[in-house]
Amino acid sequence: MKRILTGLKPTGDLTLGNYIGAIRQMVKMQDEYDSFLFVADLHALTIPQDVKELNARIRKFIAMYIACGIDPNKNTIYIQSENEFIPAMSYLLECTTYYGEASRMIQFKEKSKQNANFSIGLLTYPVLMAADILYCDCDYVPVGIDQKQHVELARNIAERFNNRYGEIFKLPEPLLSQTGTKIYDLKNPTKKMSKSEENPVGVISLFDDLDNIRNKIMKATTDSLNKVHFDFENQPGISNLLNIASELTGKTIETIEEQFKDKGYGEFKKYVADVTIEHISKIQKRYEEIINSKELDSILNTGIERSRKLAQEKYELMKEKMGVTRKILN
Ligand code: ATP
Ligand code: MG
């Protein structure tokens, strides 16, 4: 069975973008793959966090994964920071990564511009992500398009390590959703919807109350062309809403365009709000059942045990290949 892995960082409440771009992809694939899904809490530390909020989100993420349809019997679910071998591996990988390639990462460039006092962690975060991916020899990493470059970096680092020290890493491949859909901010539809966005008016959180979701969608930025048509260049707002509706209903963009051929934006937005609310309300109901259940801890214990065992093996092997071991190598 091929292996897949994805992690999401608890920098804010999970969004509709995270659901469509990442979690739902994992749900779709869980029957066919050996699936690893984690909360990337160490990654959240690259930018300042409120300690209590971050802490609460870790558990909320796990419950939300399950509420979104992740089956704990088919997935290895764990909290990244409970596996100490991953940051240890990351350091060894940092020594096989060039400063130039790390500083060329788009996310680093963007986020380092936002705050002049950015941490070194922001620069090395993709290397930690490489460790997340490489320790378990996964075949595919389902990600949204915004993360493709980081998976490619992981692949380059793995290849370099293999060439320099001996073949120990499988080269992972990014797996984009079939539509490759990236969900944009509703108010600012040329910017990705992000959970760490400070202004929530354009971001749909999976925790938003249902009236709020309707409001946000009804107030989404559109254009003056008055045509429900997919044209990202000229109609980014409408195109984004079409993407959301298509992803949530399984209908093609063309079918939905046809459905609203002679109708106004108000009616179209109401439809998008209805399908979104229908989806999210089911998720929220399941979430309420799970968040306080004892089951969460046993799921996490099982997950971390498997994850640690694999990471420890890989870490020991890396050290040996690099010569940093008490053993005398021959
Ligand atoms: P942050 O703002 O902290 O970077 P984020 O919302 O971008 O948060 P990440 O934890 O960086 O979320 O990414 C988790 C997963 O969700 C990744 O696979 C990423 O590609 C996917 N993802 C994030 N935002 C979107 C989006 N707007 N559309 C589709 N997929 C997304
Ligand atoms: Mg992100």
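Throughout, read-outs are computed from the coordinates displayed, never taken from laboratory work. None of these values were measured; they are calculated from a predicted model. Positions of Cβ are generated from backbone atoms using ideal geometry, with glycine treated the same way; all protein chains shown enter the neighbour counts.
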Taking just the C-alpha trace of segment 200-288, give me its Rg and Dmax in Å.
13.0, 42
A correct Karplus calculation of ³J(HN,Hα) over segment 213-223, with 6.51 cos²θ - 1.76 cosθ + 1.60, θ = phi - 60°, whole Hz and x for Gly and Pro, returns 4, 4, 4, 4, 6, 5, 9, 4, 5, 10, 8
Roughly how many nanometres apart are two label points built 7 Å out from the Cα toward the Cβ at Lys219 and Val51?
3.4 nm
Out of residues 5 or more away from Tyr184 or on other chains, whose amide H comes under 5 Å of its own, with H placed 1.01 Å from N in the peptide plane?
Met193
With a cut-off of 8 Å between alpha carbons and a minimum separation of six or more residues, what is the relative contact order of the chain in percent?
22 percent
As an exercise, use a Förster radius of 22 Å and the Cβ-Cβ distance of Glu254 and Glu278 to find the FRET efficiency, rounded to the nearest 0.05.
0.50
What number of lysine-lysine pairs in segment 200-288 show an alpha-carbon separation below 23 angstrom, given a sequence spacing of 8 or more or placement on distinct chains?
27
Can you pull the one-decimal nm distance between simple spin-label points at Lys309 and Asn73, each 7 Å off the Cα toward Cβ?
2.0 nm
With label points set 7 Å from each Cα along the Cα-to-Cβ direction at Asp139 and Phe230, the distance between them in nm comes to 2.8 nm
Cα lying deepest toward the dipole's positive end in the chain, options Gly17, Ala245, Tyr91, charges on Cβ:
Tyr91
Taking the Cβ-Cβ separation of Lys319 and Ser293 as r and a Förster radius of 41 Å, what is the calculated FRET efficiency to the nearest 0.05?
0.55
In debye, nearest 20: dipole of the chain around its Cα centre with unit charges on the Cβ of K, R (+) and D, E (-)?
500 debye
What list of ³J(HN,Hα) values in whole Hz, one per residue of segment 263-277 in order, does the Karplus curve 6.51 cos²θ - 1.76 cosθ + 1.60 (θ = phi - 60°) give from phi, with Gly and Pro shown as x?
10, x, 5, x, 5, 5, 5, 4, 5, 4, 5, 4, 5, 5, 5
How big is segment 147-198 by Rg and Dmax over its Cα atoms, in Å?
16.3, 50
I'd like the Karplus ³J(HN,Hα) series for segment 145-161: coefficients 6.51, -1.76, 1.60, θ = phi - 60°, whole numbers in Hz, and an x wherever there's a Gly or Pro.
4, 5, 9, 4, 4, 5, 5, 5, 5, 4, 5, 5, 5, 4, 5, 5, 4
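How much length, in nm to one decimal, is gained on full extension between Glu167 and Ser103, taken as 0.36 nm per residue of separation minus their Cα-Cα distance?
20.4 nm
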Show me, bin by bin at 20 Å from 0, the whole-percent P(r) of the chain based on Cα pairs.
30, 56, 13, 1
Output the direction-averaged projected area (hull surface divided by four) of the convex hull of the alpha-carbon atoms of segment 99-242, in nm².
11.2 nm²
